[in-house]
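Single-structure report; data block below.
Nothing in this text is a laboratory measurement; each read-out follows from the coordinates by a stated rule. Owing to the predicted nature of the structure, the values given are computational and were not obtained by experimental measurement. Every residue, glycine among them, receives a Cβ derived from its backbone with ideal geometry; neighbour counts consider all protein chains shown.
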Amino acid sequence: MRWDNLSLDGDDDREAAALPLIEKGAVTRTFDTPDFKDMTFYEVRARSVLNRVPAGPGMPAGWTLNPYRGCTHACVYCFARNSHRYLDLDPGRDFDTRVVVKVNAPEVVRREIAARGRPGDHVAMGTNVDCYQRAEGRYRLMPGILAALRDYRVSFSVLTKGTLILRDLPLLQQAAERARVETAVSVGFTDPALWRALEPGTPSPQARLEVCRKLNEAGVPCAVLMSPIVPYLSDSPDQLRATVQAVARSGAVSIAPEVMYLRPGSREWFMRWLGEHHPGLVGRYRALYGDAVQAPRWYRQRVLDQVWKLAEEYGCRPPQTFHTGRPPNWSAPPPPPENPGPTQQALF
């Protein structure tokens, strides 16, 4: 969603007025708690929160919904960083510490669905920034959003690195009784040191996989997006095996591996981090990626082949809709049982 779909109101604030694309009068908040130290939240009133996704390869969702801009997860590699430039904010530290909160998102989505009619294609959440980032614990936007989707029987999916999704488990279960509901957690690696370095604001990979287990036990299908696989840092055979094995133990309904993207905005921030923490890898990254967003096909295929082989060994299934390539020699899953409950049809 572009900034011209937003309006701002509230008390006058000099900091907000100083930012070119945040109008004078924005509600700007800081919280005196350790979890939100040095963070600023801009509370805005959105005119629209449902965003139409153009049809095309790798775009299985018809609509997206993002109640936040910026993310307190602070993942160094996050591909969405460049979106902060639309607000005249920096895609680096500003993305991690200056978060736009669409405080009226629950009422707006209900109004939009009522006015437009139920979306024919399902709504994807968490595809840009995480709707269950830490700020959601304070703003509590998702319960109202899920309730609206439930009431109008809208199919939807949620992708998250957060554990807050378990707070809304009753709503997810209710929605799954009325429409197709899919969830997924993102776990690209399980190495504790790499997690603390690359994903400092997230729950641990083990905590995310526990979320996956609990969602599936509760009848809400949950997959694992094994993303990102980070070249030269999380792509060794032993690391891939450890991650796939952990995913299998979580009971994930499917696994979808993906090698790290380096989009503008995230590229500069990640390469700066790499130069500080792993300077010996800078040249290798420049040789591998060049000016491209993705690693070359030969590298991606090599890594994906390893993951699919491990997934077959541990009994992990691929999603039925998968945008980074089909696994080699994968047998079709068995037919569903009679009168099945909600099932995982696709990652998103």
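Before moving on, here are some points about what is shown:
- Annotation: peptides 152-165, 100-113, 231-244, ranked by per-residue average of other Cβ atoms within 10 Å with the highest first, follow the order 152-165, 100-113, 231-244.
- Listed peptides 83-93, 268-278, 130-140 by packing density, highest first (mean Cβ within 10 Å): 130-140, 83-93, 268-278
- By average C-beta atoms within 10 angstrom, highest first, the peptides 313-319, 38-44, 224-230: 224-230, 38-44, 313-319
- Mean-position separation - Cα centroids, segment 27-96 and segment 171-231, in angstrom: 19
- Hydrodynamic radius (Kirkwood) for segment 91-219, which is based on Cα pairs only, to one decimal in Å: 15.6
- Solvent-free Debye calculation, one equal scatterer per alpha-carbon of segment 142-299: log10 I(q)/I(0) at 0.11, 0.12, 0.15, 0.17 Å⁻¹ equals -0.51, -0.60, -0.85, -0.99.
- Its Cα gyration tensor gives segment 202-241 an equivalent ellipsoid; the semi-axes, largest first and in whole Å, are 25, 10, 9.
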